[in-house]
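In what follows, a single structure is set out as structure tokens and then discussed.
None of the figures in this text is laboratory data; all of them are computed from the coordinates on show. Values in this document were obtained by computation on a predicted structure and should not be read as measured data. Counting neighbours? That spans all protein chains shown, and the Cβs are built from the backbone with ideal geometry, glycine included.
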Amino acid sequence: MEPDSAEKKEKAGVLAIVYDYDGTRAQDSTNAFVKAHGGDPVKDLFPKYVENGQNGYSVGVSYSTIMVDWSKSQPPENRISKKSLAAFGASLQEFPGAENEFARKRAEYEKKYPDLEVKFVIASTGMKDLVANTPSGKAADEVWASHFLYDKQGDMAGFNRPLDPVGKVEVLRAIRKGVTPEELSTNPFLSAPVVMNSHVRESERPPAKPTHIVYVGDGDTDGYAMEECSRSGDMSLAVYEPGNDRARQKAEKMVRPDLAQAALPADFSKGSSFDLALDQMAEKLAQKIHAEAAELARSRQKDSHTAEAEVAQRAFPGKQLTGAATRRENSQAMETTTS
């Protein structure tokens, strides 16, 4: 079947909805995994966090080191493996409406904004092999999380790319540049600022495309990402486990001009307060994308006309060529300058 005109046409921009995972779409997955495998997070993990922090560990390295060490200290049946992470992720109970939210909202937004690319992304400091296999992880377009290494038996043996709260800023920048987790793992400079772009071949750079983001998180590891969104003209929502007063109070502290615009229960069902707030933010950002895409098109057209005029002027020095005259004689000018 021939694709319709909307599919043929290049998308004007990207609307990305980016979610934290632990505490945002489900209870803390690491704690739940450790409990299910004979451990006690309070006794086994938390003291190590404090010790590592005092020794200057970054959050990502601290977390990854703790998980590797805990796994190695366990009997074989309780060690963390790629297989056990995947199985646990698939069985994890998520907050109301989370399991089918991405598919439902993607269909809604693609119908409402057919000229935009709509992406649902998870950015988690947790273990990727667990998060990527949850219902939300499987439904997401991209999953950014901490990468671990495994031995020949499949047990966790080390780590190579931890994702910490500051690293979520890099994730947002990569999304704006159209870079995927797989691409960034092979060339970390793809999402780098312009000053570092000498490390990236021109052919590797994704074409510029207006991109705006709604970021959703519970607050534990989300402050840097929300602040980045605020600086970039994007928007954020803080969420909390329904019925959990402590989580609600934490989320409400994130409601500030430079962080989140609202704190709402993590109920992702159709018609929930979160669902309605997300729609309102998506509409505002879609309008921004359309405006920026139109301005980008005008700028490119102007640059094209300027280039045409310069070519013609070099070929016919001293001759006044403007508007239609430039376009009429430009083909001759091109032939003259290339002969």
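Taking all Cα pairs closer than 8 Å and separated by 6 or more residues, the relative contact order of the range 56-170 comes to 33 percent. With the cut-off at 1.5 for a/c, could you classify the range 5-292 from its C-alpha gyration tensor as rounded, prolate or oblate? Judged from the Cα gyration tensor, the range 5-292 comes out prolate (a/c at least 1.5, a/b above b/c).
If a/c stays under 1.5 just call it rounded; otherwise compare a/b with b/c (prolate if a/b is bigger, oblate if not). Do that for the range 48-194, with a ≥ b ≥ c from the square roots of the Cα gyration tensor eigenvalues. Note, shape of the range 48-194 comes out oblate. Cross-link list Lys9/Lys119; Lys11/Lys128; Lys72/Lys152; Lys9/Lys105: which exceed 25 angstrom alpha carbon to alpha carbon? Correct reply: Lys11/Lys128. The charge dipole of the range 5-292, taken about its Cα centre with unit charges on the Cβ atoms of Lys, Arg (+1), Asp and Glu (-1) only, comes to about 380 debye. Protection proxy ranking of 40-46, 84-90, by the mean of other Cβ atoms within 10 Å over each peptide's residues and highest first, is 84-90, 40-46. In terms of packing, defined here as the mean over residues of other Cβ atoms within 10 angstrom, the peptides 59-69, 214-224, 168-178 line up highest first as 214-224, 168-178, 59-69. Cα centroids of the range 124-188 and the range 14-37: 13 Å apart. Ranked by the mean number of other Cβ atoms within 10 Å of their residues, highest first, the peptides 10-20, 288-298, 115-125 fall in the order 115-125, 10-20, 288-298.
Farthest toward the positive end of the dipole of the range 43-113, out of Gly97, Tyr113, Ser81, is the Cα of Tyr113, where the dipole comes from beta carbon charges about the Cα centre.
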